[in-house]
Amino acid sequence: MTYETIDTDVLVIGAGGAGARAAIEAANHNVMVTLLSKELLGKAHTCMAEGGVNATFANVDPPDNWEVHFKDTIEGGAWINNQKLVEILTREACDRIMDLEEYGAIFDRTPEGKIMQRPFGKQTYRRTCYAADRTGHEMMVTLTEEIRRRDVDVMEEVFVTNLLAKDNQVQGAVGISFKTGSLLVFKAKATILASGGGGRVYKITSNAAQDTGDGYAVAYHAGCRLLDMEMVQFHPTGMVFPESHRGCLVTEGVRGEGGLLKNIKGERFMQRYDAKRMELAGRDVVARANATEILEGRGTEHGGVYLDVTHLPPHIIEERLPTMLEQFLDVGVDIRKEPMEVAPTAHHLMGGVEINENAETTLKGMYAAGEIAGGVHGGNRLGGNALADTQVFGKRAGENAAMFAKKSSMPIIDRSQVEKEANKISTILERKEGIRPHEIKNRLQTLMWDKVGIFRTGQELQEAVQAIEEMKAKDLPRLFVMDKHTRYNKELIETFEIENMLTIAEMIAKAALMREESRGAHFRKDFPKTDNKNWFANIYIQKKMGQMTLTKLPVVVTTLKPEGA
Amino acid sequence: MPEDAVQVKVFRYNPDTDKEPHYETYKVPYTQGMVVLDVLNYISEHYDGSLAYRWACRAGQCGSCAMIINGKPRAACRTLVEKGKPLTITPLVQFPVVKDLVVDYERGTRRLVKIKPYVQRLKSPSRPEIISKEDIVDVKEIRGCIECWACVSACPVVGEAWQEFAGPLIHRQLARLKLDKRDTEERVKTAFIEGLYDCTTCKTCVEVCPKKIDIPGKAIEKMRAIAVKEGLGPLEGQKPFIEAIERTGRSVERQSTPLLEQVPDVIDVDDPIDEVAFFTGCLVDYRLQSTGFNALEVLKRNRIKVHIPKAQSSCASPAFRSGVVDLAHQQVKKNVDALEKLGITKVISLCAGCAMTMKNDFPAVTKKIYNREPNYKVYDFTEYLVREVGIDKLNIKDLGEIKMKVTYHDPCHLNRGQGIHDEPRQLIKLIPGITFIEMEEADRCCGSGGGVRTGRRPLSMALARRKAEFIIKSGADAVITECPFCLIQIRDILNQLGYQHIQVYNVPDLMAMAYNKTK
Ligand SMILES: Cc1cc2nc3c(=O)[nH]c(=O)nc-3n(C[C@H](O)[C@H](O)[C@H](O)COP(=O)(O)OP(=O)(O)OC[C@H]3O[C@@H](n4cnc5c(N)ncnc54)[C@H](O)[C@@H]3O)c2cc1C
Ligand code: SF4
Ligand code: SF4
């Protein structure tokens, strides 16, 4: 298989909030920047975020400042966040939002013309900046506009299959162009991984189709260290049908406006879980309540619980929940007249590639930012912090990668790694029969949902680890695609995705098995209590001698510590 | 396969290996709430993994999955599948096919990038920057675009002349930047060069936009208004019409005795069932007087008392559509005063342009001058008969037989402008002897609107020619419509093409013809 080699100074993998911001920053430093993404520019998962982005402008609540935000984030994160990173996040968020406005973003305003801020869960003050219910879209459109102004080489619909790494240094990446199916080799002085989350390892997820978590896998195989992979946030309310919409987010606003959760018997079951706060209890509490109802057989026909706003006057629903009204009308449900069916949905991976304050990973020449990076959000992410994270660390990654590139020479890549990818592609295309990627995907997603989901036990996690290992050994070598041509071969790309998904699944399951306590988003039925004495720590994962090794290490603390630690 | 399986015809083409595109038909089991994306996923998993299509967020927020579904560009993730109704799925037009339903948007993005689609500042702002709430209202209305290209694929003007007209998406972006006070580029000039006056305001783009962005109203007409202020607009060909309104209150010059000079102030009937005011509009008053008489005849036959205020004047649609705002506002005041003086609560017009302008544009102006909406309601003629009077209450027995094959052309400003689609067809079908033939793309723009007929004649005629092809293909003896502008445009093009024998009527013409058989 022939391939084209593309030289660049800074290679950015991923064009979501973090990658786009990183590319802009790198370009500011007068280096060549190449930006890759699986989808078309502007369509990354970031555009789906609705709620908002946190920054302590204190425009509506004057006492707010970065230190309060810092504390909220660490408490919200169940104390295992890297406090150095959180300090950076909370100190720099305002500046990054102002950057966005300088580029042309339009956030909603206060009467004085400052950025408006709304309250968000578990935060002391109103600090979430927003653009109606399309904040992520506003950010993504702005970044797209800015990328188009800059001299950035945007290469859309390129799927990165692997990083090129040697002697603890990353030298670029190998990718496949969707359009032509040809192999592309990127030689880069510095590489930024901004490939977003991996919610798609779960059967039910709010994440976009592209969020198969490739970044976690390629980083792992290149030798990067990752952490907190057991920490997966489940949002309590996602859609349950039709199939394609399963997991699509139903915003917290619905409950905020008075939506009631009911089981098939019509009972307001939150009474039994949190009689005081009812539907407005914390995300994890509501998610577990919904899951319990469904698991114990009180769910609906489609496997959900009811979220009901029919008691509200129709005009209130039309005025305050227009997006939800539309989202359900699209699939033939009029929420003014009938209840929604909802179930918990995998929403965010808190864990990821380890970075330091400069967004550097443990490998030389490699940086990471956004959802792919770990440590910022600890055991649970506050609403509005992820978008802030993309901007703060996206900028840092871009800046530091550019500076690194400036003082480095073009690496000499190991062509044998490219050959390996080429062989993999031809082997799969030539295979005449076997298992199609979606079959393994569906099986893995169900496994993760059932055994590595909201409720976890040692027994089930063990079973999951075993099942994953079996799939790797037995199914991967039999991967088969119907389409034998390379042009826009979605199934071929899926074969790479499924391999990545198995790697992340293994990381999540193994880390979840190791953490014998409950903390943040991680809930062990067999260890339901938080154990600060033994588990005020992070679990790090790294590939050593071909083996996945897990290590428990102390949390990076600057100021705050939980009780009993 | 269950009985309620959905029959799906899908466009398939791999330019690397296929000689030419072809269609495959699949059967997909129907499930509740299923959208077109589910259908594609099902086909991919169960029949053919090589089917290429794009999708990402499946929540209508990323714009990846636009494709043509049963003839209209749509987001696959937001298009509900109807049980038992077959589906045809093809890729967006205007872009080369990469494979199957995947197209290459390069042509479009190249064009987009040329206009510098970003805020250009001369100096850095203060940090934080104070931006007033009012300043962002206009921008926000057109900011939600998810770059799905559906509008560009659907726009009839793009289809005819993309080289001249940059298309809805790009004009939206130009307006987004012009309306943003932080931007310093010459956006209006660029828009003018990129065909600001080419848009027929047909609203096809609004119809297909998953975000329902009103590009003609909130972008193009606003930009035209600024263009007029900056001396770029209106176009030479549009000026006589604007000047005529200023001079005479009519957009066209007098040729024969106007309708208003031939009719009384009130046409009374015995035992009236309702009372309305009749708004003629320029063309019915000055050019198509017979259509006016016909409409009055139909109303009479249905025992409706009609007031015809003589102080009425042009609805100023040409001024609204071409951005001559001050004149438009003067005309609104004149008309609203004349109509309100009658104390009648229902006003009807058989001109799609007038009725749409009075429904959609007048209220905003009266809110400014009187701080309220007009105190009457406006109806299109067919809407009034079908919805207000009621189709079952109409005088059907006096409709004589007309042996004729007819088809119907949807005026854009009636169909998309006022949501009136079925009513004219219902009325036509009431007439004994009529054979109704639905032509292909009945709702395609004829090219007369938005000042394009007057300002950009060659483009307008090119659009009309496309329309005429479908009319001719339908095999009808006559084409019926409900708009004097469409009527004149279609009549012109049929004459030009040598198809004068195909008659063109407005709905009231046809109805009056039927009533007159039973005099
Ligand atoms: C429905 C929803 C609502 C949310 N709402 C909020 C909110 O209100 N506030 C908030 O703060 N957070 C919110 N979040 C979380 C937040 O949106 C994400 O964490 C954040 O957008 C991630 O940004 P990112 O740049 O890291 O990654 P993404 O935006 O996911 O971008 C990842 C990029 O990497 C590319 N990529 C991935 N793999 C490859 C590969 N193999 N080869 C090439 N490219 C690749 C992708 O194509 C994409 O361009 C929400 C999340 C969801 C799902
Ligand atoms: S209104 Fe019609 S002509 Fe104008 S941009 Fe939209 S689709 Fe094109
Ligand atoms: S304006 Fe609407 S239809 Fe056109 S590209 Fe934007 S979202 Fe799509």
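Kindly provide the set of residues from segment B:203-231 that are open to solvent by 20 Å² or more (accessible area, probe 1.4 Å), within 15 Å of residue B:452 (Cβ to Cβ) and more than 9 Å from ligand 2 (Cβ to nearest atom), ordered by number. B:221 - this is the single residue of segment B:203-231 that is open to solvent by 20 Å² or more (accessible area, probe 1.4 Å), within 15 Å of residue B:452 (Cβ to Cβ) and more than 9 Å from ligand 2 (Cβ to nearest atom).
For segment A:1-49, filtered to residues that are under 15 Å from the mean Cα position of the chain (by Cα) and away from chain B (no Cβ under 14 Å), the residue that is nearest to ligand 3 (Cβ to nearest atom) is A:19. Taking residues in segment A:471-492 that are free of Cβ contacts under 8 Å to residues at least 24 places away in the same chain, and partners anywhere that are open to solvent by 10 Å² or more (accessible area, probe 1.4 Å) and not in a helix (DSSP H, G or I), the pairs with Cβ atoms closer than 7 Å and at least 6 places apart or on different chains are A:483/B:50. Every condition in (1) on the phi > 0 side of the Ramachandran plot; (2) at pLDDT 95 or above; (3) open to solvent by less than 20 Å² (accessible area, probe 1.4 Å) is met by residue A:52 except one, and the failing one is (2). Would segment A:50-71 turn up any residue that is facing chain B (nearest Cβ under 10 Å) and farther than 16 Å from residue B:128 by Cβ? Taking every residue of segment A:50-71 in turn, at least one turns out to be facing chain B (nearest Cβ under 10 Å) and farther than 16 Å from residue B:128 by Cβ. For segment B:437-462, a residue qualifies if it is part of a loop (DSSP other than H, G, I, E, B) and within 20 Å of residue B:220 (Cα to Cα), and the qualifying residues are B:444, B:445, B:446, B:447, B:448, B:449, B:450, B:451, B:456.
Before we move on, is residue B:99 modelled with pLDDT of 95 or more, open to solvent by 30 Å² or more (accessible area, probe 1.4 Å) and out of contact with any Pro (no Cβ under 6 Å at 6 or more places or on another chain)? No. The criterion of at least 2 residues that are away from ligand 1 (no atom under 16 Å from the Cβ), more than 8 Å from chain A (Cβ to nearest Cβ) and open to solvent by 50 Å² or more (accessible area, probe 1.4 Å) is met by the following helices (runs of 4 or more DSSP H) wholly inside segment B:118-178: B:133-140. Only residues that are touching an Asp or Glu at 6+ places or on another chain (Cβ under 7 Å), surrounded by fewer than 20 Cβ atoms within 10 Å (Cβ to Cβ) and in contact (Cβ under 8 Å) with a residue 40 or more places away in the chain were counted in segment A:226-259, giving 1. Among the residues of segment A:530-547, those that are in contact (Cβ under 8 Å) with a residue 60 or more places away in the chain, in a strand (DSSP E or B) and not hydroxyl-bearing (Ser, Thr, Tyr) comprise A:537, A:538, A:539, A:541, A:542, A:543.
Out of all the residues in segment A:200-221, which are more than 12 Å from chain B (Cβ to nearest Cβ), part of a helix (DSSP H, G or I) and either within 16 Å of ligand 3 (Cβ to nearest atom) or not hydroxyl-bearing (Ser, Thr, Tyr) (or both)? Those that are more than 12 Å from chain B (Cβ to nearest Cβ), part of a helix (DSSP H, G or I) and either within 16 Å of ligand 3 (Cβ to nearest atom) or not hydroxyl-bearing (Ser, Thr, Tyr) (or both): A:201, A:214, A:215, A:217, A:218, A:219, A:221.
Any residue at all in segment B:505-519 that's without any contact (Cβ under 8 Å) to a residue 12 or more places away in the chain, open to solvent by 40 Å² or more (accessible area, probe 1.4 Å) and farther than 20 Å from residue B:289 by Cα?
Yes - at least one qualifying residue is present in segment B:505-519.
Take residue B:107 and tell me if it is away from chain A (no Cβ under 11 Å) and among the basic types (Lys, Arg). Criteria met by residue B:107.
Can you find a residue that is assigned by TED's automatic domain parsing to the domain that holds residue A:514, at pLDDT below 95, open to solvent by 30 Å² or more (accessible area, probe 1.4 Å) and within 26 Å of residue A:9 (Cβ to Cβ) anywhere in segment A:432-445? No, segment A:432-445 contains no residue that is assigned by TED's automatic domain parsing to the domain that holds residue A:514, at pLDDT below 95, open to solvent by 30 Å² or more (accessible area, probe 1.4 Å) and within 26 Å of residue A:9 (Cβ to Cβ). You will find that of A:204, A:192, the residue that is in contact (Cβ under 8 Å) with a residue 40 or more places away in the chain and either open to solvent by 10 Å² or more (accessible area, probe 1.4 Å) or more than 23 Å from residue A:46 (Cβ to Cβ) (or both) is A:204 and no other. Restricting the search to segment A:292-348, which residues are more than 14 Å from chain B (Cβ to nearest Cβ) and among the hydrophobic types (A, V, I, L, M, F, W, C)? Correct list: A:294, A:295, A:305, A:307, A:309, A:312, A:316, A:317, A:321, A:343, A:346. Taking first residues from segment A:123-141 that are open to solvent by 20 Å² or more (accessible area, probe 1.4 Å) and partners that are of a type in the set (S, T, N, Q), the Cβ contacts under 7 Å between residues at least 6 apart in sequence or on separate chains come to A:126/A:117; A:133/A:323. Restricting segment B:1-56 to residues that are of a type in the set (Val, Ile, Thr) and open to solvent by 10 Å² or more (accessible area, probe 1.4 Å) leaves a set whose member that is nearest to residue A:241 (Cα to Cα) is B:31. Scanning segment A:462-493 for residues that are surrounded by 19 or more Cβ atoms within 10 Å (Cβ to Cβ) and within 14 Å of another protein chain (Cβ to nearest Cβ) gives A:479, A:481, A:483, A:486, A:487, A:488, A:489, A:490, A:491, A:492, A:493. Can you confirm whether residue A:75 is within 21 Å of the chain's Cα centre (by Cα) and either outside any strand (DSSP E or B) or on the phi > 0 side of the Ramachandran plot (or both)? Against the criterion (within 21 Å of the chain's Cα centre (by Cα) and either outside any strand (DSSP E or B) or on the phi > 0 side of the Ramachandran plot (or both)), residue A:75 qualifies. Highlighted here are the helices (runs of 4 or more DSSP H) found entirely within segment B:302-374 that include at least 1 residues which are open to solvent by 20 Å² or more (accessible area, probe 1.4 Å), closer than 20 Å to residue B:414 by Cα and not acidic (Asp, Glu): B:317-322, B:362-370.
Of all the residues in segment B:180-197, those that are farther than 15 Å from residue B:320 by Cα, touching a residue at least 12 places away in the same chain (Cβ under 8 Å) and away from every other protein chain (no Cβ under 14 Å) number 7.
Take segment A:82-124 and flag every residue that is away from chain B (no Cβ under 14 Å) and at positive phi.
From segment A:82-124, those away from chain B (no Cβ under 14 Å) are A:82-91, A:118-124; that's our starting set.
Across segment A:82-124, the qualifying residue is only A:122.
Sort out which residues of segment B:18-35 are in contact (Cβ under 8 Å) with a residue 40 or more places away in the chain and within 9 Å of chain A (Cβ to nearest Cβ), and write them in order of number. Answer for segment B:18-35, where residues must be in contact (Cβ under 8 Å) with a residue 40 or more places away in the chain and within 9 Å of chain A (Cβ to nearest Cβ): B:33, B:34, B:35.
The values are calculated or read from the model by the stated rules, or taken from the named source; none is laboratory data. From a predicted model like this one, the values you see are computed outputs, not experimental measurements. Cβ coordinates were reconstructed from backbone atoms using ideal geometry, including for glycine residues, and neighbour counts include every protein chain displayed. What goes into the accessible areas is simple: the full protein's heavy atoms, side chains included, and nothing from ligands, DNA or RNA. Shrake-Rupley method; radii C 1.70, N 1.55, O 1.52, S 1.80 Å.
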